[in-house]
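Enquirer: One structure, as structure tokens, below. Some questions next.
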Amino acid sequence: MAAISATLVPFDWALSRRQAVAADAPTSEWTDPHCGGYGVNYTGQATNWWSGGPSECHGGWRRGGRPCNAENRHWDGHFTYSSPWYEDVWSQRTTHYCNGRNAWRWSAPSGNTFRCSDAWTHIYWSDGTDRADLTIAVCFVGVYG
């Protein structure tokens, strides 16, 4: 029994540590709705993490609404997705790519405002391939004005 407990303690520590990291994820952002603090030559790029979404955010290997959480920020933590393909995903929000902030706002010509929130994401597929890179959540915030 002691051997089983000794084996499980590192797993328990790792899980509790992961939860602590997720709870402390950065949440600061540029709130200028025209992205004035992020960059002058900002052009939205097409969504490629669930196709068909708005082209409002810039940067990242993947961009889209898929990683948005209930607070309209990039999801932070672990999830598994299995339709139509299998992905085992680990994301952690970061402040390394947006001038020390985790997110920035962008107001589209339509008047809709989006929060573009970044995270370092590692994805594992069932065929054994994986990739770790920057991803951007394109999260609807509201109508500007």
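The values are calculated or read from the model by the stated rules, or taken from the named source; none is laboratory data. Note that the structure is a prediction, hence the values are computed from the model and not measured. No Cβ is skipped: glycine too gets one built from the backbone with ideal geometry, and neighbour counts run over all protein chains shown. Protein only, heavy atoms only, side chains kept; ligands, DNA and RNA dropped before computing areas. Shrake-Rupley method; radii C 1.70, N 1.55, O 1.52, S 1.80 Å.
Enquirer: Lys and Arg at +1, Asp and Glu at -1: add these up for the other residues within a Cβ distance under 15 Å of Ala137 and post the number. Walk me through the numbers before you get to the answer.
Expert: Working: positive: Arg62, Arg63, Arg66, Arg73, Arg93, Arg101, Arg105, Arg115; negative: Glu29, Glu56, Glu71, Asp76, Asp118, Asp133.
Neighbourhood net charge equals +2.
Enquirer: Now for a separate question. Work out the FRET efficiency for Thr80 and Phe140 from their Cβ-Cβ distance, taking R0 = 22 Å, and round it to the nearest 0.05.
Expert: Efficiency, from the Cβ-Cβ distance: 0.35.
Enquirer: Still on this structure, please answer the following. Skipping prolines and chain starts, which residues have an amide H placed within reach, meaning under 5 Å, of the one on Trp75, given they are 5 or more residues away or on another chain?
Expert: Under 5 Å from the amide H of Trp75: Cys68, Asn69.
Enquirer: While we're looking at this one, here's another question. Assuming R0 = 25 Å, what is the FRET efficiency of Ala70 and Ser126, from their Cβ-Cβ distance, to the nearest 0.05?
Expert: Given R0 = 25 Å and the Cβ-Cβ separation, E is 0.35.
Enquirer: Where Lys and Arg each count +1 and Asp and Glu each count -1, what net charge lies around Thr121 among other residues with Cβ under 13 Å from its Cβ?
Expert: The answer is -1.
Enquirer: Between Asn112 and Ala46, 0.36 nm times their residue separation minus their Cα-Cα distance comes to what?
Expert: Gain in length upon complete extension: 22.1 nm.
Enquirer: Using protein chains only and a probe of 1.4 angstrom, how many square angstrom of Tyr97 are accessible, to the nearest 10?
Expert: Rounded to the nearest 10, that gives 100 Å².
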